[in-house]
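So the structure is just underneath, and the comments pick up after that.
The values are calculated or read from the model by the stated rules, or taken from the named source; none is laboratory data. No experiment lies behind these values; they were computed from the predicted model shown. Because the Cβ atoms are built from the backbone with ideal geometry, glycine has one as well, and the counts that use them run over all protein chains shown.
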Amino acid sequence: MLSAYEIIRKKRDGNRLSAEEIDYFVKEYTAGNLPDYQASSFLMATFFTGMSDEEILHLTKAMMSTGVIVDLSDIPGPKADKHSTGGVGDKISLILAPLAAACGVKVPMISGRGLGHTGGTVDKLESIPGFKTQLSIDEYKRILASVGLVMSAQSENLVSADRKLYALRDVTATVESIPLITSSIMSKKLSEGIDALVLDVKVGNGAFMKKAIDARKLAKKMVKVGKLYGKKVTAYLTDMSQPLGREIGNWDEVVESIMVLRGESKSTDIIELTERLTAEMISLCTEEGLASAQKRVQRAITSGAGYEKFLEMVRAQGGDLKVVETPGSYPKPRFVLEAKSARNGYVSKIDTFGVGMANVKLGGGRAKVGDKVDPVVGITVMKKVGEKVSAGDVLAVVRGNDDSKTKSAVEQVISSYVLSSGKPVGSKLIKERIS
Ligand code: URA
């Protein structure tokens, strides 16, 4: 008879688990028959001792089997998705999904909530009043068929195991693990019924993988799992050594995404990355060249077709359109403070993890399973790497609903900035393509 205790002990000691043992643990935990403390120990043991490729495949499969593998064969057209390994200010999914749909690719996206210091697409979408992310399979398919995209959370029906394990990893410091990230992402993506997948593997001080060597390893594992399931998969290594764009915070990231979709944003990093990843999705589905696909994506921004798709999706998922069309009508935070520089120089480095944690502490992320996130708190990055700063300049604006937490976030943001006297050489945004 299988025992959770024995499985944890075996993994703790660095031994390989069989498919049967992994399947047992995942299913029993998901069904509520194992307590969180045993699942936490299993996660920590995996974090420290790792898993073989075979174990990762078994874990992915076991997680997929806790939900439905959606059959989208009755919905015409190519289906593709993109998933990021997580970063700070990474709102690309909110922009890319409607743009891809406007270019004729169906996007059945299943996303997660905030994880550790990083934000999550589901929390951002839920900052739109009324927006529903828990969908039945029928709703998921109906919205995809009628709008061309759907953005859902993991649920009882969709990769239920990831819903529980993801929430537990968020608060037990067990996120930065290649087997756990691979199985979490790939179980969601392989359950969606897609033909093609683009993976955005973040690297840098705001990513779970700080070094390119680890990010590349993670990318290759995910590509391998995807290909074993017969999917077309391409991974990109992209920079996360500073926040993406200017906004960090659930509602503010929705607003920044709307600005990009309306063609009103000056955040060149978000625009460059979104265009490239969306073009890659189109190219994987249609064999169209990347340059030509990217031109179509640009047209979907200038024509407003991507923004229209975003509005259609918000309407279909129950969100309040009025607030999306007039973001200024959204509730305001109680405290807005400026984080100012004490000296002159150039921004040479931003501790992106520190800035992400400042947002979590403001209430933008979770400290415990089940914590509610505050949609209005956040940070606007006023100075990015390479920009010139004079003493007294505002490095970032911090918004909170609690006086002392807002003040403490300001301190944390200030201490996250490193200035140099000379202009630094910035990191390349798109570093590598792995297919
Ligand atoms: N995104 C996921 O969905 N899962 C992870 O483990 C990390 C990022």
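List of remarks:
- Among the candidates 398, 425, residue that is among the β-branched types (Val, Ile, Thr), at pLDDT below 95 and outside the structural domain of residue 198 (by TED's automatic domain parsing): 425
- Helices (runs of 4 or more DSSP H) lying entirely in segment 143-232 (those with 3 or more residues that are more than 19 Å from residue 105 (Cα to Cα) and more than 10 Å from the ligand (Cβ to nearest atom)): 160-172, 212-228
- Residue 11 satisfies every condition listed in (1) part of a helix (DSSP H, G or I); (2) in the same structural domain as residue 154 (by TED's automatic domain parsing); (3) under 17 Å from residue 172 (Cβ atoms) except (2).
- Residues in segment 383-410 that are of a type in the set (S, T, N, Q), surrounded by fewer than 14 Cβ atoms within 10 Å (Cβ to Cβ) and over 13 Å from residue 343 (Cα atoms): 404 alone.
- Residue 360 vs. criteria within 30 Å of residue 172 (Cα to Cα) and not assigned by TED's automatic domain parsing to the domain that holds residue 271: yes
- The set of residues from segment 411-435 being surrounded by fewer than 16 Cβ atoms within 10 Å (Cβ to Cβ), in a helix (DSSP H, G or I) and hydroxyl-bearing (Ser, Thr, Tyr) comprises just one member, 415.
- Residue in segment 351-368 that is of a type outside the set (Ser, Thr, Tyr), loosely packed, with under 15 Cβ neighbours inside 10 Å and at pLDDT below 95 present: yes
- Restricting the search to strands (runs of 3 or more DSSP E) fully inside segment 294-393 and requiring at least 3 residues that are more than 22 Å from the chain's Cα centre (by Cα) gives 335-340, 345-350.
- Residue 66 passes every criterion in (1) of a type outside the set (Phe, Trp, Tyr); (2) in contact with a Lys or Arg (Cβ under 7 Å, 6 or more places away or on another chain); (3) surrounded by 22 or more Cβ atoms within 10 Å (Cβ to Cβ); (4) in a helix (DSSP H, G or I) apart from (4).
- Members of segment 118-135 found to be aliphatic (A, V, I, L, M) and away from the ligand (no atom under 15 Å from the Cβ), listed by number: 128, 135
- Among the residues of segment 257-315, those that are of a type in the set (Val, Ile, Thr) and over 19 Å from residue 108 (Cα atoms) comprise 258, 260, 268, 270, 271, 301, 302.
- Each residue in segment 60-117 was checked for being within 12 Å of the ligand (Cβ to nearest atom) and over 18 Å from the mean Cα position of the chain (by Cα), and 2 of them qualify.
- Some residue of segment 17-31 being closer than 24 Å to residue 435 by Cβ, β-branched (Val, Ile, Thr) and modelled with pLDDT of 95 or more: no
- Residues of segment 272-287 that turn out to be without any contact (Cβ under 8 Å) to a residue 24 or more places away in the chain and out of contact with any helix residue (DSSP H, G or I) (no Cβ under 6 Å at 6 or more places or on another chain), as a count: 1
- Hey, residue 245 within 24 Å of residue 430 (Cα to Cα), more than 13 Å from the ligand (Cβ to nearest atom), assigned to a helix (DSSP H, G or I) and among the small types (Gly, Ala, Ser) or not: no
- For segment 329-356, a residue qualifies if it is touching a helix residue (DSSP H, G or I) at 6+ places or on another chain (Cβ under 7 Å) and under 18 Å from residue 250 (Cβ atoms), and the qualifying residues are 329, 330, 335, 355.
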